[in-house]
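Below is one structure, written out as structure tokens, with a few remarks after it.
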Amino acid sequence: MIKAVNIHKSFGELEVLKGVDLTVAKGEIVSIVGPSGAGKTTLLQILGTLDKPNAGEVLVNGVDFSKLNEKELAAFRNRHIGFIFQFHQLLPEFTALENVMIPALIARKDNKKTAQKAKELLAYLQLADRMEHKPSELSGGEKQRVAVARALINDPSLILADEPSGSLDSKNKDELHKLLFELRDKFGLTVVIVTHDKDLAALSDRVIEMKDGLVLLTAI
Ligand code: ADP
């Protein structure tokens, strides 16, 4: 699903990734752990086409990102990759339903079918009675589940999650952890998670430890 070879990334003088290799199989749930500043988020952004490496190769689903122009990258991202962030990043002026629909509408999918699918996803995530609420009217756990529904609307094959449980209390954390595994089993998704959360990392199929821009250790 993912093959990253010898990824280098610098911001000015700061060398953040110093030759990272990473392979993730289809259907695998992999956690990336390590101290703050290790380069975890930067790597996730590169895997998600949100940033570009200075050197190295990234292939997702066999597609070499270096061969795609900006427009093609955006289309690939929208179609194949779902993102979950720590602070959900829902648009405050839109309802839960509208937030979930946005990536599909960007991909120019049919409005009616998209609305139907978004409703199904929200119902599956126990948000049937919250669809018309705006983010400010939702609890932290609900907001994060709306973000999960949004990540799923275009049937991605890969979910990239950056500290997905970082802003949740322990009950909502446990629910989110269960949900990520359920999604893998239900939709056959591959999931890469950047996390400080030891419980979440321990549940993964594989834990990758990063330090100072390098992968230190891969533990099963
Ligand atoms: P982690 O996720 O492991 O905490 P990050 O990938 O967020 O690490 O950051 C690694 C280093 O790169 C940090 O020192 C951070 O300040 C720096 N960094 C990240 N993004 C940028 C950017 N867009 N511009 C400049 N420096 C950045």
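Every number here is computed from the coordinates shown, using simple stated rules; none is lab data. For clarity, every value in this text was computed on a predicted model and none was experimentally measured. FYI the Cβ positions are ideal-geometry reconstructions off the backbone, even for glycines, and counts take in every protein chain you see.
With each label modelled as a point 7 angstrom along the Cα→C-beta vector, the residue 51-residue 68 pair spans 1.8 nm. Entry note: the stretch 2-101 has Rg to Rh equal to 0.99, where both radii use alpha-carbon atoms and Rh is the Kirkwood radius.
Legend: calculated FRET efficiency, residue 113 to residue 203, from the Cβ-Cβ distance at R0 = 22 Å, rounded to 0.05, equals 0.05. Magnitude of the charge dipole for the stretch 38-96, about its Cα centre and with charges confined to Cβ atoms of Lys, Arg (+1) and Asp, Glu (-1), is about 60 debye. Taking each residue as 0.36 nm, the span from residue 126 to residue 178 lengthens on full extension beyond its C-alpha to C-alpha distance by 17.3 nm.
Here the Karplus relation 6.51 cos²θ - 1.76 cosθ + 1.60, evaluated at θ = phi - 60°, turns the backbone of the stretch 34-51 into coupling constants of x, x, 4, x, 6, x, 5, 5, 4, 4, 4, 4, 5, 5, x, 6, 7, 8 Hz, with x for every Gly and Pro. Straight-line cross-link partners of residue 198 among the lysines, defined as a Cα under 19 Å from its Cα and at least 8 positions apart when in the same chain: 40, 171, 173, 178, 211. In the calculated pair distance distribution of the stretch 2-219, what percentage of Cα-Cα distances lie above 33 Å? The share of Cα pairs beyond 33 Å in the stretch 2-219 comes to 14 percent. Compactness check for the stretch 42-135: Cα Rg over 2.2 N^0.38 Å is 1.26.
Of all beta bridges that DSSP places with both ends in the chain, some 55 percent have antiparallel geometry. Working from Cα positions, state the angle (0 to 90°, nearest 10) between the long axis of helix 140-152 and the longest principal axis of the chain. Roughly 80 degrees between the two axes.
If the viscosity is 1.567 mPa s and the temperature 4 °C, what translational diffusion coefficient in µm²/s does Stokes-Einstein give for the stretch 123-176 when Rh comes from Kirkwood over Cα pairs? In µm²/s, the coefficient rounds to 109. Farthest toward the positive end of the dipole of the stretch 47-88, out of 53, 63, 88, is the Cα of 88, where the dipole comes from beta carbon charges about the Cα centre. Compared with the dominant Cα axis of the chain, that is its longest principal axis, helix 111-124 is turned about 80°.
About the centre of its Cα atoms, the stretch 2-219 shows a dipole size close to 580 debye [charges on the beta carbon of Lys, Arg (+1) and Asp, Glu (-1) only; nearest 20 debye].
Per-residue 3J(HN,Hα) values for the stretch 198-207, derived from phi via the Karplus relation 6.51 cos²θ - 1.76 cosθ + 1.60 with θ = phi - 60°, read 5, 5, 5, 4, 5, 7, 5, 5, 8, 10 Hz in sequence order (x marks Gly and Pro). Distance between the C-alpha centers of the stretch 6-76 and the stretch 159-185? Whole Å please. Spelled out, the Cα-based centre of one part sits 22 Å from the other.
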